[in-house]
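Nothing in this text is a laboratory measurement; each read-out follows from the coordinates by a stated rule. Model, not experiment: these values are computed from the prediction. A quick note on method: Cβ atoms are made from the backbone with ideal geometry, for glycine too, and the neighbour counts reach across all protein chains shown.
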Amino acid sequence: MDGDVGRVPRADDQSWSEAMILKKEGTRSSTRSRLRAGLLCAGAALALFAADASACVPTKLPMGVKGPGLCYGAETWPEPTLGGRTLEQQFDFYRTPSTTPTPLIVWAHPNGMSKALPQDSPMYQALVVPALRAGFSFASIEFRHPVANDALPNSDADPGVPHYDLAYALQFIRANADALNIDKRNVFFVGQSRGSLAVWTALQDDMRDPDSPNPVARQSTRVNAVYAVNAQTTYSGADFANRFLIPADRAKFTAAFNQQHPKHEQFGSAIGSVNAGVKADPPVRLIYDSPEVGRLLSLEEMSKRDPIHYPDFGPALCRAYALAFGSSAYCTYDADTRYEGDPIAAYAGYVDFFKRYIRPGTRSP
């Protein structure tokens, strides 16, 4: 895995990549709806008040709070992409100076990184600096992933894979909007690789329960727009095979993937979630650090590529957007080697993209 924050990390989900590539002997290893029910079952972890004392304790935040290690939930887990290091449902909050509520950018990191963004790192310069300069506050989330952490249950009450941490974090942050001085009408996702779970989360129906006695569960999980680098837009092995592999190799690939991942039916697909209805999905901007392939590949050809960050994930999602919305304006992508190893280039203009979707007016209650 790649933990170097000095460049765009080529994050490494081994459980996914082992099934994504059927290797020939002797070759090197490859590079790497229950929604609302899941949220309601995790109400204890979302509560504003004390949860499991052995873990991070989510409590109502004090006015003016900022800094690292703020709890949004009580789950802990050994993170396989960080050598089994124990992580918690926390977020780091970077407050922009303002006397009025500010828009918020929520960052979801790739594998090989945690939520920490050292100030001397290029990732901090690419992400946090332009956000604060433009008047956005910034939150970096620690979260579980449905594929990287598929051995974990979402909660004691919900045995499904952990899909919902980013949604939980959004709800907790919105419930504490006054303490954080954020405008909960203007919240945006930015993510990379593993963090493209932000794309999946943004394309789900709003998971809020307006009638819940829990003030956190009453909050929305929707965002205004999403910007993602090297995003996976489907976690389904069968969907990947049908979209990107030649017909002759699809069954073999899918069988291997499903054997590797017994919970594969729970993984989900952003592509299959696009909705242009009354509560339409938000605009998406996708960046990839290799050129679009534009044709179906054999397994042998795919084995020579990085399937985790496959550039054709982007156009596949944008085609689904164009079909649903009747326009290509809501989903755009760029796939080019100039982004490789350069977070400044990969995230250039991401805040300006979000500015286009600021909602003016009074904050929602």
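Which of Ser193, Ser328 comes first, and how do the rest follow, when ranked by fewest Cβ neighbours within 10 Å?
On the way: Ser193 29, Ser328 11.
Fewest to most other Cβ atoms nearby, the residues stand as Ser328, Ser193.
Over 31 Å between Cα atoms: which of Lys115/Lys263; Lys279/Lys304; Lys115/Lys184; Lys66/Lys263; Lys184/Lys263; Lys66/Lys355 fall into that group?
Numbers: Lys115/Lys263 26 Å; Lys279/Lys304 40 Å; Lys115/Lys184 21 Å; Lys66/Lys263 38 Å; Lys184/Lys263 34 Å; Lys66/Lys355 23 Å.
Among Lys115/Lys263; Lys279/Lys304; Lys115/Lys184; Lys66/Lys263; Lys184/Lys263; Lys66/Lys355, the Cα-Cα distance tops 31 Å for Lys279/Lys304; Lys66/Lys263; Lys184/Lys263.
Working out 0.36 nm times the residue gap between Glu300 and Ala345, then minus their Cα-Cα distance, what length gain in nm do you get to one decimal? Intermediate results must be reported in sequence, preceding the final value.
Numbers: separation 45, 0.36 × 45 = 16.20 nm, distance 3.14 nm.
Extending this stretch completely gives an extra 13.1 nm.
Order of Arg359, Arg222 from fewest to most other C-beta atoms within 10 Å?
Working: Arg359 11, Arg222 19.
By the 10 Å Cβ count, ascending, the order reads Arg359, Arg222.
By its C-alpha gyration tensor, with a ≥ b ≥ c as the square roots of the eigenvalues, how is region 261-311 shaped: rounded for a/c under 1.5, else prolate for a/b larger than b/c, else oblate? It would help to have the intermediate numbers written out before the result.
Numbers: a/c = 2.68, a/b = 1.46, b/c = 1.83.
Since a/c reaches 1.5 but b/c is at least a/b, the shape of region 261-311 is classed as oblate.
Near the amide H of Glu79, under 5 Å away, which other amide H atoms are found, from residues 5 or more places off or on another chain, if H is placed in the peptide plane?
Residues meeting the amide H criterion: Gly84, Arg85, Thr86, Leu87.
Determine the distance separating the Cα centre of region 65-132 from the Cα centre of region 312-365; give it in Å without decimals.
21
Just rank Tyr168, Tyr330, Tyr94, fewest to most, by other beta-carbon atoms within 10 angstrom.
Details: Tyr168 29, Tyr330 19, Tyr94 23.
So the residues, fewest neighbours to most, are Tyr330, Tyr94, Tyr168.
Could you name the aspartates and glutamates whose alpha carbon sits less than 13 Å from that of Lys60, not counting residues in the same chain fewer than 8 places away?
Asp178
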